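Trainee: Below you will find the structure I want to go over with you.
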Amino acid sequence: MWLYLGIFSAVFLGLYDVTRKHALCGNAVLPVLFFATLTEALLLLPIALLSPMSPEFMTRLGLFIPQFDWMAHLLFFSKAIIVAAIWMLAYFSIKHLPISIYSPIGASGPAWTLIGAMFVFGERLTTTQWAAFGILFVSYYIFSIVGSREGIVFHTNKWVIFLFTAVLLGAVSALFDKYLVQTLGYSAVGVQVWFVLYMVPILGFTLIAFWWPRRARHTPFEWRWIIPLIGLLLTIADVAYFKAIGCHGTLISLLAAVRSSGVVVSFLAGALLFGEVRMLQKSWALAGVLVGVFLLFLSH
């Protein structure tokens with residue numbers, strides 16, 4: 001069941017990338033990020049409010065959140081800080097990089113999550129699964145070669161460095177998710193709802209402290225109605241993801257790999273909506289990503 005939830009989440013993650021790219025074109029990054037996150041928080045807030053008021057109803061929906069102690073909330077706040085850093089880095093990256101480059105690099109997260117899961121949780125993969133990850137790594141290397149032909153030198157481009165930092169932090173976040181849900185036994189939905197709610201004041205402080213005083217010197221902010229759609233798509237993707245984490249026997253490394261297949265949606269958008277170049281060359285590398293994810297699916 002958790003694999004199918006992962007695929008469902010992947011599709012909406014791809015759409016999420018497309019809406020982010022559109023919203024950020026010629027727009028200020030931090031306000032877009034704040035209002036998109038605020039939208040997601042408002043969508044999730046009823047779950048937090050209704051759980052203590054109608055526990056039986058919310059349990060039937062599979063959305064009940066139990067009461068948490070102060071230590072749990074401290075952990076959720078820590079998770080929110082990590083994710084806020086990831087999203088800030090990622091939003092700046094997707095604004096300045098072609099989406100057909102950004103999305104595949106972002107999809108390399110499962111490989112780093114795998115390495116972390118092996119050391120932290122003792123997960124072990126089969127030969128087929130190792131081969132799948134080998135194919136994924138080769139595909140990402142091909143993307144780097146194609147990117148260099150567009151003037152994007154991976155080891156010196158600061159937006160690529162931002163993106164790789166976000167990917168590494170994303171692996172930390174994914175392992176933290178498993179620790180919270182499977183080791184400490186916290187509700188997966190509860191983790192999602194509370195860390196998103198805590199992100200609103202974190203990003204609000206960042207917006208006021210760092211963007212607002214300097215707004216005249218940077219790209220102006222333009223409200224676009226696609227911004228709330230970012231939050232809606234991410235909410236759907238994350239609900240499916242956290243439900244998958246809560247399933248018995250979930251392998252976090254494989255779930256992360258399947259979830260990364262949403263790159264297909266954003267890759268096609270790069271060609272059809274944003275007029276990006278060298279799509280044929282990139283498509284070969286993308287095919288490698290798909291083969292790797294498909295092998296992971298079959299090997300389970």
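Trainee: Looking at this structure, is Tyr186 under 13 Å from Phe242 (Cα atoms), surrounded by fewer than 18 Cβ atoms within 10 Å (Cβ to Cβ) and either modelled with pLDDT of 90 or more or not acidic (Asp, Glu) (or both)?
Mentor: On the way: under 13 Å from Phe242 (Cα atoms): yes; surrounded by fewer than 18 Cβ atoms within 10 Å (Cβ to Cβ): no; either modelled with pLDDT of 90 or more or not acidic (Asp, Glu) (or both): yes.
Considered against the rule, which asks whether it is under 13 Å from Phe242 (Cα atoms), surrounded by fewer than 18 Cβ atoms within 10 Å (Cβ to Cβ) and either modelled with pLDDT of 90 or more or not acidic (Asp, Glu) (or both), Tyr186 comes out as no.
Trainee: Pull up region 167-181, narrow it to residues that are surrounded by 17 or more Cβ atoms within 10 Å (Cβ to Cβ) and over 17 Å from the mean Cα position of the chain (by Cα), then point me to the one that is farthest from Asp69 (Cα to Cα).
Mentor: Within region 167-181, the match that is farthest from Asp69 (Cα to Cα) is Val181.
Trainee: Does any residue of region 218-233 turn out to be farther than 30 Å from Leu49 by Cα and modelled with pLDDT under 85?
Mentor: To start, the set of residues in region 218-233 that are farther than 30 Å from Leu49 by Cα comprises 218-222.
From what's left, modelled with pLDDT under 85: 218.
Yes, that holds for at least one residue.
Trainee: Among Ala244, Ala240, Ala216, which is the only one that is more than 26 Å from Leu75 (Cβ to Cβ), small (Gly, Ala, Ser) and not in a loop (DSSP other than H, G, I, E, B)?
Mentor: Working: Ala244 fails: more than 26 Å from Leu75 (Cβ to Cβ); Ala240 fails: more than 26 Å from Leu75 (Cβ to Cβ).
Just a single option satisfies the conditions, and that option is Ala216.
Trainee: Out of the residues in region 156-166 meeting the condition of being over 14 Å from the mean Cα position of the chain (by Cα) and either among the β-branched types (Val, Ile, Thr) or in a helix (DSSP H, G or I) (or both), tell me which one is modelled with the lowest pLDDT. First the steps, then the outcome.
Mentor: Looking only at region 156-166, we keep the residues that are over 14 Å from the mean Cα position of the chain (by Cα), and these are 156-162.
From what is left, the residues that are either among the β-branched types (Val, Ile, Thr) or in a helix (DSSP H, G or I) (or both) are 156, 158-162.
Numbers: Thr156: 75, Lys158: 89, Trp159: 88, Val160: 86, Ile161: 90, Phe162: 92.
In this case the residue turns out to be Thr156.
Trainee: Looking at region 211-236, I want the residues that are under 29 Å from Pro46 (Cβ atoms) and have a partner that is among the charged types (D, E, K, R) and modelled with pLDDT under 95 with Cβ atoms under 7 Å, at least 6 apart or on another chain. Which pairs are those?
Mentor: From residues that are under 29 Å from Pro46 (Cβ atoms), the pairs are Ile230/Arg20; Gly231/Glu40; Leu234/Glu40; Thr235/Glu40.
Trainee: A follow-up question, please. Answer yes or no as to whether Ile208 is of a type outside the set (Asp, Glu), crowded, with 17+ Cβ neighbours inside 10 Å, over 22 Å from the mean Cα position of the chain (by Cα) and over 16 Å from Gly109 (Cβ atoms).
Mentor: Working: of a type outside the set (Asp, Glu): yes; crowded, with 17+ Cβ neighbours inside 10 Å: no; over 22 Å from the mean Cα position of the chain (by Cα): yes; over 16 Å from Gly109 (Cβ atoms): yes.
So Ile208 does not fit the description; no.
Trainee: Has region 248-260 got any residue that is part of a helix (DSSP H, G or I), small (Gly, Ala, Ser) and more than 28 Å from Ala72 (Cβ to Cβ)? Please lay out each step first, then the result.
Mentor: Looking only at region 248-260, we keep the residues that are part of a helix (DSSP H, G or I), and these are 252-260.
Applying the additional criterion that residues be small (Gly, Ala, Ser) yields 253, 256-257, 260.
Retained after the next criterion (residues that are more than 28 Å from Ala72 (Cβ to Cβ)): 257, 260.
Within region 248-260, one or more residues are part of a helix (DSSP H, G or I), small (Gly, Ala, Ser) and more than 28 Å from Ala72 (Cβ to Cβ).
Trainee: Based on what the data block shows, is Ile105 under 29 Å from Val32 (Cβ atoms), under 14 Å from the mean Cα position of the chain (by Cα), among the aliphatic types (A, V, I, L, M) and in a helix (DSSP H, G or I)?
Mentor: On the way: under 29 Å from Val32 (Cβ atoms): yes; under 14 Å from the mean Cα position of the chain (by Cα): yes; among the aliphatic types (A, V, I, L, M): yes; in a helix (DSSP H, G or I): yes.
When the stated conditions are applied, Ile105 passes them.
Trainee: Being aromatic (Phe, Trp, Tyr) and surrounded by fewer than 18 Cβ atoms within 10 Å (Cβ to Cβ) narrows it down to one residue among Phe35, Phe57, Phe64; which is it?
Mentor: Numbers: Phe35 fails: surrounded by fewer than 18 Cβ atoms within 10 Å (Cβ to Cβ); Phe64 fails: surrounded by fewer than 18 Cβ atoms within 10 Å (Cβ to Cβ).
Matching residue, one of Phe35, Phe57, Phe64: Phe57.
Trainee: Then there is this: How many residues does region 45-89 hold that are under 20 Å from Pro228 (Cα atoms) and either touching a Ser or Thr at 6+ places or on another chain (Cβ under 8 Å) or modelled with pLDDT under 90 (or both)?
Mentor: So the count comes out to 6.
Trainee: Just name the residue that is farthest from Leu232 (Cα to Cα) out of those in region 43-65 that are assigned to a helix (DSSP H, G or I) and either in contact (Cβ under 8 Å) with a residue 24 or more places away in the chain or hydroxyl-bearing (Ser, Thr, Tyr) (or both).
Mentor: This residue is Thr59.
Trainee: Out of (1) surrounded by fewer than 20 Cβ atoms within 10 Å (Cβ to Cβ); (2) among the small types (Gly, Ala, Ser); (3) in contact (Cβ under 8 Å) with a residue 12 or more places away in the chain, what's the single condition that is false for Ala90?
Mentor: That leaves (1) as the condition not met.
Trainee: Hey, Leu42 hits all of (1) under 17 Å from the mean Cα position of the chain (by Cα); (2) modelled with pLDDT of 95 or more but one; which does it fall short on?
Mentor: (1)
Trainee: Can I ask one more? Can you find a residue that is over 29 Å from Ala36 (Cα atoms) and modelled with pLDDT under 85 anywhere in region 90-102? Steps first, answer last, please.
Mentor: Taking region 90-102 as the starting set, the residues that turn out to be over 29 Å from Ala36 (Cα atoms) are none.
So far as region 90-102 goes, no, none of its residues is over 29 Å from Ala36 (Cα atoms) and modelled with pLDDT under 85.
Trainee: If Phe68 passes every condition in (1) aromatic (Phe, Trp, Tyr); (2) part of a helix (DSSP H, G or I); (3) over 28 Å from Trp284 (Cα atoms) but one, which one does it miss?
Mentor: Phe68 satisfies all of (1) aromatic (Phe, Trp, Tyr); (2) part of a helix (DSSP H, G or I); (3) over 28 Å from Trp284 (Cα atoms) except (2).
The values are calculated or read from the model by the stated rules, or taken from the named source; none is laboratory data. All figures in this text were calculated on a predicted structure; none of them were measured in a lab. Note that each Cβ is placed from the backbone with ideal geometry, even for glycine, and that neighbours are counted across all protein chains shown.
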